[in-house]
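The values are calculated or read from the model by the stated rules, or taken from the named source; none is laboratory data. Computed from a predicted model, the values in this text were never measured in an experiment. Here the Cβ is made from the backbone with ideal geometry for all residues, glycine too, and neighbour counts use every protein chain on show. Areas reflect the complete protein model, heavy atoms only, side chains present, ligands, DNA and RNA absent. Shrake-Rupley method; radii C 1.70, N 1.55, O 1.52, S 1.80 Å.
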Amino acid sequence: MSAPMLSVEDLTSGYGDSQVLFGMSFAVAAGEVVTLMGRNGMGKTTTVATVMGLLRPTGGAVRVEGEAVQGQPPYRIAQRGLGLVPEGRQVFPTLTVEENLVATAANRRPGAARWTVDSVVELFPRLGERRRHLGGQLSGGEQQMLAIGRALMTNPKLLILDEATEGLAPIIREEIWGCLGRLKDEGEAILVIDKNVSALLGLADRHYVVEKGRVVWQGDTASFRADAGVIERYLHV
Amino acid sequence: MAEPILVLEGLCKAYGALTVTDNLSMAVQAGSIHALIGPNGAGKTTLIGQVSGQIAPDAGRIRFAGRDVTDLPMHARCRRGLARSFQITTILPRFTALENVAVAAQAHDGHSFRFLRPAAAEARLNDAAMQALETVGLGDRAAIRAGALSHGEKRQLEIAIALVMKPTLLLLDEPMAGTGHEESERLVATLEALRGSLTILLVEHDMDAVFALADRISVLVYGRVIAEGAPDEIRADPEVRSAYLGEEGAP
Amino acid sequence: MSAPTAEPAGSTGVRWSVPLVLLVLLAAVPAVANAADMGFVTSLATRIMIYAIAAVSLDLILGYGAMVSFGHAAFVGIGAYAVGIASAHDQWNAAVTFPVAIVAAGAFALLTGAISLRTRGVYFIMITLAFGQMAYFTASSLSDYGGDDGLTMWGRSELFGTTPFEDDTAFYYVVLGCLAGCFLFARAVVGSRFGRVIAGVRENRLRMQAVGFNPYVYQLVAYAIAGMMAGLAGALLANHAEFVSPSYMAWQRSGELIIMVVLGGMGTLHGAILGAIAYLTLEEVLSHWTEHWRVIFGPLLILVVLYARGGLGRLIGRSGGDG
Amino acid sequence: AEPMKIGMMLTLSGPPAVLGKHIRDGFQLFVDQQGGKLGGRDVEIVVADDELKPDVALTKVKGLLERDKVDFVAGVVFSNILQAIYRPVTESETFLIGANAGTSTFAGKGCSPYFFSTSWQNDQIHEVMGKYAQDKGFKSAFLLTPNYQAGKDSVAGFKRHFKGEVVDEVYTKLGNLDFSAELAKIAAAKPEVVFTFMPGGMGVNLVKQFKQAGLDKSVTFLSAFTVDETTLPATKDDAVGLFSSSQWTPDLDNAANKAFVEAFEAKYGYVPSLYASQGFDAAQLIDSAVRAVKGDLSDKKAVGAALKKADFASVRGDFKYNTNHFPIQDYYLVKAVKRADGMYATSVVEKVFDDYGDVYASECKMK
Amino acid sequence: MTATLVAVQVLNGLQLGVLLFLVAAGLTLVFGVMDFINLAHGVQYMLGAYLAVSFYGLTGNFFAALVLALLAALAFGLLLEFLVFRHLYDRDHLDQVLATFGVILFLNEGVRIVWGAAPLSYPIPALLGGTIPLMEGFGYPIYRVAMILAGLATAVLLWVVVTRTRVGMLVRAGATNPRMVSALGVNIRRLFMIVFGFGAMLAGFAGVMAGPILSVEPGMGDGVLILAFVVIVIGGIGSIRGAFVAALLIGLVDTLGRSFMTDIFKAFLAPAAANQVGPAIASMLIYLLMAGVLFFRPSGLFPAAGR
Ligand SMILES: Nc1ncnc2c1ncn2[C@@H]1O[C@H](COP(=O)(O)OP(=O)(O)OP(=O)(O)O)[C@@H](O)[C@H]1O
Ligand SMILES: Nc1ncnc2c1ncn2[C@@H]1O[C@H](COP(=O)(O)OP(=O)(O)OP(=O)(O)O)[C@@H](O)[C@H]1O
Ligand SMILES: [Mg+2]
Ligand SMILES: [Mg+2]
């Protein structure tokens, strides 16, 4: 069996003196859709940031296709095929929509159909109407679309979506779930963090519930549905 | 029926060739929860911006509580009881969560040209702030630097700031966005509890929340209100379904 | 709960200990200097403290309000010229000239601030530079008062016929008193409601507007207060040097004030005092040692930036763990 | 015995640093020639850089007076610095030997028994040019100076003797870089001469651009403190043939000067300027006075009287003091030349004033 | 005041403007686009001129000196980046001010130690000698034409690189959010290093070009630095086009002000008073212009939107 696309082992990390992750462990296999769930402030985003090298882990390992990458600068990790849709959009405000898409475009998943500006615009027609507008002038939802498009344009092997549907209209959310489904069918690995649990259940293979910086529950969709207590126990206040 | 608390008449706003608010008129009844929904980029945030005074409309009038406030700056409108939250989190990152809320309380508690007394020791401000934080579930995070809160917590803080001002009209721009499932539920409960004591204009893409809370819904598309009515009417409207709701609207 | 300042949490002890020690040390300077028969040290320290007043006033708006005034020396210069010009017309009474100096600088701050505060960030830096330069060129063209050669005052201010400034040691304590007063006042201001608004506007202007503050008015008042304090420094400087010159207003001077504040640590107030002391003392000591002192001083500044994050004030009062 | 202490207040940073350097090198040369002594006493020199900031100068001069307890303060390049330190030095009854700046106040009403100049009174250098233009019968002049006090003084000085038409007076901002606009104005006004006072880098820029625009072919260039040995290394051929005024040049024909220039060039490897000569003479002046009082500096009156005699062989030839302690000396029209050894220097063209004193002496109360 | 003179002065104003742009170009890149307050720009300009002096001394050829000086300026820029600047990208603007001020002090003094305090120079290359007659007895040096061309070429080059290439996009993106650029797989640090080196080279280039008409002396970059900031701020930070327009505007206003302000005041003031007021106002003119522009357009002429 080949190594998983991403595996996180006993990861610890934090901000300055305050530790946030206390031994995170999970894995995403190639072509698999995995979710991280958890209440606000439990460390989901911190996990993503640490995986991407934006935060320096204090312990544990991050492996991409079997190779340890912890401690490497973010661009190295990204170049291995990780595409990030960050929390809070973080589009480049002074670049136009088109520039936002092409500036960091790359081909990190050889063999698959490449994302282009045109195919992104096909997915989000709204962006087509705003092509020459600056990222900072877009509405919140438009920025969110742009952030997704920007990550797709790096043609990643593993797509990481941190609250990527925040602020999107219901109909667009559906588009995205559909698109992720297609990507999954093409063999793309996907890590999703999202509050729309019900939509995720239809899409994802496996789920991890995060609490206080570690995984407290894991299982596939069927066992998630079966274990009604999960939501009560970990996702409610 | 009494005059609506907020009346928009012929509001227009364009950015270059892009018309974002297109001769828009609408009214919000005092004491109601009025939801404003619509596709991304329809002009909801821009409308909130114009009502709150952040963005100047190109044409049209805004009446709030019986007075024309079109030419008042944002801070003056706020002092008349009009508060808002921001879709894109707007907080004071190096202030603690408590201070973020306390400074908002301060704005509505006498004047701030006081140069010598330490503000941090003013119990009245801190108490009000603490109460607001507890309402949104951030009570145990009061002493944390706001910049170090998680995204969802920042969203909650945003609401606490708006609440502490005890506004008569509260403009909420996607308050549920970024908050987790259960935090959203808590917020719905909070707003439900406020029903009647103030007016809320709610912009939100979370349809569960909208249908649970709204007395009335306006649907904005390309800067125009294409439909307005009670939740059930809107849910059933085919045009709204195709432009915005998709499957999610299905009963 | 500490006031919303730029200081790291938990440094409350430092908030008082460092400035207190500083003031006590400063108070001892004349005695030590006289004992060591180095009277000029008193003179040097007087000048340093005058600049420290100006630096504290700058830190008040720069460190707490992110208003980087690059024309701050103009306020100092206006204060100095008020006293100098008065002396040229035989008005020596400090009870008259000092208030005039303070009000004149404050008025200039109010006027230029009203325009400058329409802008932010680097634009603000540059527009304040522009006003500073205008003041500079205006002073340089005052032929009646020496033009760019400056104006020699033939004495120091009096107070209703007495001459408390004439004796260098007495004058030193007057300046020290002013410094302590300005420092305590500034410290009170930053912790007050007003100071909280100023800091809030620095953090996020839009947010402050949205909760009901008019940032412009608060910033303008802060700017004028800082201008008045700097005007006081100018009045003292004129008395110290018994000479006023447009060079007090040159942009390099404004730049040095900024450097002092940043060197000492922005947003701490006592950092501004430390910065003034460090900058001017190093300049004095190094330049006495070698003509090429700048090749040492320059890299020193760089090292401070690279390794003493947050300036000398923080280096001394480091309590660890700020985010 | 205790060495005698001399404080030198000079501008040693920023673009004008070269002027301070010349003065110091000139001064130092003489001291070295005397084996580190002046007037038979060991000398310790304390150099202070005023940074061209009056209040810095003031602090530093206090250091010289109170910490170093110097017996003389020498130097001072710029008049605003002299303004700032004049009172503290003279009021502490320390002798101030001005080796450059010659402010009119201190030549007139503000003169002091403790101040002696080894340079000139500001106006005089400019007067030379006015006088020369007048004598030569030039009918029209265009005046170009920086917009500051010394610039305005230079215009006044030039006009004192020049009676022809002044077609225009242009005051540029201090530190001006590009003179195209001014040069075009000159070309349009078609004066016979242009008189300018553009010290330091401004002068270098002006001279180069004047030449590059080809104006030297139609207009006579008269200048003060613009074309000298501090700027010639930069202007080189562009300045050759341009006129200036001075009380001294390297080729001034007297024995003291020959020896001075030769020693200076040997020691420092560059051609001395009038500033260097003034520094050298300042050292000579102190030497002569200390020698006259046999090293005893306690009787200030006696030292003052000895200084007043100026009993030394000035490198500029005749040198004596006026009642206001400014020199009475000869002034020359000079021009820039390329010497046989490839170095550039100024050279005497003709004497314009003989034993000339300044006009402010009458306002000075000293007799 | 003849029409010819006015025309010539307008021309002079424009050429001063292009010169200003040339001098400001490197700063436009590093400060305007990359958002790094680099006060050392002025000393880098100075260093370019001094390097040219030395290389001219060695080779006796202007163009050889130009190339060598550019390479040396680039190398030095990279060294500075390595030692100082790279540690400051994500710092407060004022930290950058303090550190780069340290660089100014060091280099101004270092240059004086190495090359001496006296002004230096090197001649216009023979190839670019000579003048174009403009008015009687007044020619326009061909070298200045070359400088104008160099300025225009720099403007076009910068504009293309910044607005039309991926490097330009990435630099602009990195200026607002370097972490995100990095997280998308681009080595932004290396890119910044290269851009910074290029900026240093542009500064050096301006210095080399200025050498034959200006005096090469310690501190020659200080005044230029302020001018360059004025240019960028009036133009609108981040806008190449704005910087170019602002440079021309400043060149024109300054030149026309210097040329005619006093004459204008003479129309309604006594000559002595006019001579007092005119030059004073003329020296303030660019500051008045800046204050005026910022009063009406608080983010400069061509504000970079979205920032
Ligand atoms: N920049 C920061 N500095 C210090 N602490 C931080 C910072 N960012 C986040 N934290 C803290 O780390 C913890 C985890 O935050 P994180 O953003 O990972 O949560 P999350 O699970 O993504 O929450 P959310 O659902 O709200 O996005 C929180 O307690 C938060 O306060
Ligand atoms: N400053 C601006 N300049 C140019 N266009 C702008 C500006 N601000 C907003 N727009 C455009 O106006 C449109 C409406 O924006 P607005 O933020 O009001 O949308 P919205 O309805 O709130 O959308 P969302 O649901 O995505 O938040 C968008 O298409 C946006 O690109
Ligand atoms: Mg998160
Ligand atoms: Mg919106």
Q. If you check each cysteine of the protein assembly as shown for another cysteine whose beta-carbon is under 4.7 Å away, which ones come up empty?
A. A:Cys179, B:Cys12, B:Cys78, C:Cys178, C:Cys182
(Q) With a 1.4 Å probe and all protein chains kept in place, how do A:Ser223, B:Ser25 rank by accessible area, largest first? (A) B:Ser25, A:Ser223
Q.
Using a Förster radius of 22 Å, what is the FRET efficiency between B:Ala212 and A:Ala222 based on their Cβ-Cβ separation? Nearest 0.05, please.
A. 0.15
Q. Distance from the Cα centre of region B:190-217 to that of region D:220-276, in angstrom?
A. 88 Å
Q: Note down the accessible area of A:His133, probe 1.4 Å, to the nearest 10 Å².
A: 50 Å²
(Q) Give me the dipole magnitude in Debye, nearest 20, for the protein assembly as shown about the Cα centre, with unit charges on the beta carbon: positive for Lys and Arg, negative for Asp and Glu. (A) 560 debye
Q: Rounded to whole Å and sorted largest first, list the principal axis extents of the Cα atoms in the protein assembly as shown.
A: 114, 73, 66
Q: May I ask for the distance between the Cα centers of region C:104-137 and region E:82-157, given as a whole number of Å?
A: 29 Å
Q.
Probe radius 1.4 Å, ligands and nucleic acids left out: can you give me the accessible area buried at the D-C interface, summed over both chains, in Å² to the nearest hundred?
A. 2800 Å²
**Q.** Positive dipole terminus of chain B, leading residue within B:Asn23, B:Gln54, B:Gly110 (C-beta point charges)
**A.** B:Gly110
Q) Cα gyration tensor of region C:217-266, axes a ≥ b ≥ c as square roots of the eigenvalues: rounded (a/c below 1.5), prolate (a/b > b/c) or oblate? A) oblate
Q | With all protein chains modelled, accessible area of A:Lys212 [1.4 Å, Å²] | A | 140 Å²
Q. With the Cα gyration tensor of region D:118-219 giving a ≥ b ≥ c as the square roots of its eigenvalues, does the rule (a/c under 1.5 for rounded; else a/b larger than b/c for prolate; else oblate) give rounded, prolate or oblate?
A. oblate
Q: Could you please put A:Ser25, D:Ser314 in sequence from largest to smallest accessible area, using a 1.4 Å probe?
A: A:Ser25, D:Ser314
Q: Compute the distance in nm between two label points, each set 7 Å from the Cα along the Cα-to-Cβ direction, one at B:Glu3 and one at C:Ala31.
A: 7.3 nm
Q: Over region B:87-166, consider all pairs of different Cα atoms and compute the Kirkwood hydrodynamic radius from their mean reciprocal separation; express it in Å, one decimal.
A: 12.4 Å
(Q) Give me the percent of accessible area attributable to carbon and sulfur for the protein assembly as shown, probe 1.4 angstrom. (A) 59 percent
**Q.** Cβ-placed point charges (K, R +1; D, E -1), dipole of chain E about Cα centre in debye, nearest 20
**A.** 760 debye
Q.
Through the Karplus equation 6.51 cos²θ - 1.76 cosθ + 1.60, θ set to phi - 60°, convert the phi angles of region E:280-297 into ³J(HN,Hα) values in whole Hz; use x for Gly and Pro.
A. 4, 5, 4, 5, 7, 3, 5, 6, 4, 4, 5, 4, x, 4, 6, 5, 8, 10
Q. Using a Gaussian network model of chain E with C-alpha springs under 10 Å, which one of E:Val224, E:Val293, E:Val23 is most mobile by mean-square fluctuation?
A. E:Val293
Q: Rank these by accessible area, largest first, 1.4 Å probe: A:Arg132, E:Arg189.
A: A:Arg132, E:Arg189
(Q) Please check: in the Gaussian network model of chain B (C-alpha springs, under 10 Å), which one of B:Leu72, B:Leu202, B:Leu138 has the largest mean-square fluctuation. (A) B:Leu72
Q.
Could you work out [θ]222 nm for chain C from helices alone, using -39500 (n - 2.57) per DSSP H run of at least four and dividing by all its residues? Round to the nearest 500 deg cm²/dmol.
A. -24500 deg cm²/dmol
Q: Could you provide, to the nearest whole Å², the per residue accessible area of region B:41-174 with probe 1.4 Å?
A: 34 Å²
(Q) Using +1 at the C-beta of Lys and Arg and -1 at the C-beta of Asp and Glu, which of C:Gln91, C:Ile78, C:Ala241 has the Cα lying farthest in the positive direction of the dipole of region C:28-250? (A) C:Ile78
Q: Run the 1.4 Å probe and let me know the accessible area of D:Lys309, rounded to the nearest 10 Å².
A: 150 Å²
Q. For the pairing of chain B with chain A, what total accessible surface becomes buried, with a 1.4 angstrom probe, in square angstrom to the nearest 100?
A. 2500 Å²
**Q.** Under the span-like rule (Cα at least 18 Å along the axis, Kyte-Doolittle mean at least 1.6), DSSP H helices of chain C
**A.** C:12-35, C:94-116, C:294-307
**Q.** Helix axis angle, D:79-91 relative to chain D longest principal axis, alpha carbon, degrees
**A.** 20 degrees
Q) Ignoring the sites themselves, what is the longest stretch of chain C with no chymotrypsin sites (Phe, Trp or Tyr not before Pro) in a DSSP loop and at most 14 other beta-carbon atoms within 10 Å? A) C:161-323
Q: Determine which residues of region C:171-202 fall in the zone a paramagnetic label at C:Leu110 would reach in this model, i.e. backbone nitrogen under 17 Å from the point 7 Å along Cα→Cβ.
A: none
Q. Against the longest alpha carbon principal axis of chain D, how many degrees, from 0 to 90 and to the nearest 10, is the axis of helix D:274-292 turned?
A. 20 degrees
Q.
Rounded to two decimal places and with Rh computed the Kirkwood way over Cα pairs, what is Rg over Rh for chain C?
A. 0.96
Q: First check a/c for region E:88-220, with a ≥ b ≥ c the square roots of the eigenvalues of its C-alpha gyration tensor; if it is under 1.5, answer rounded, and if not, answer prolate when a/b is larger than b/c or oblate otherwise.
A: oblate
Q. Leaving out same-chain residues fewer than 8 places away, which lysines sit with a Cα under 23 Å from that of B:Lys154?
A. A:Lys44, A:Lys195, A:Lys212, B:Lys44, B:Lys166
(Q) Output the 0 to 90 degree angle, nearest 10, between the alpha-carbon long axis of helix E:220-235 and the longest principal axis computed from the alpha carbons of chain E. (A) 90 degrees
Q) So what's chain D giving for Rg/Rh, alpha carbon basis, Kirkwood Rh from the mean inverse pair distance? A) 0.96
Q. So which of D:Lys208/D:Lys338; D:Lys159/D:Lys236; D:Lys60/D:Lys309; D:Lys309/D:Lys367 end up more than 19 Å apart, counting from Cα to Cα?
A. D:Lys159/D:Lys236; D:Lys60/D:Lys309
Q. How much accessible area is lost when chains E and C come together, counting both sides, with a 1.4 Å probe, in Å² rounded to the nearest 100?
A. 3700 Å²
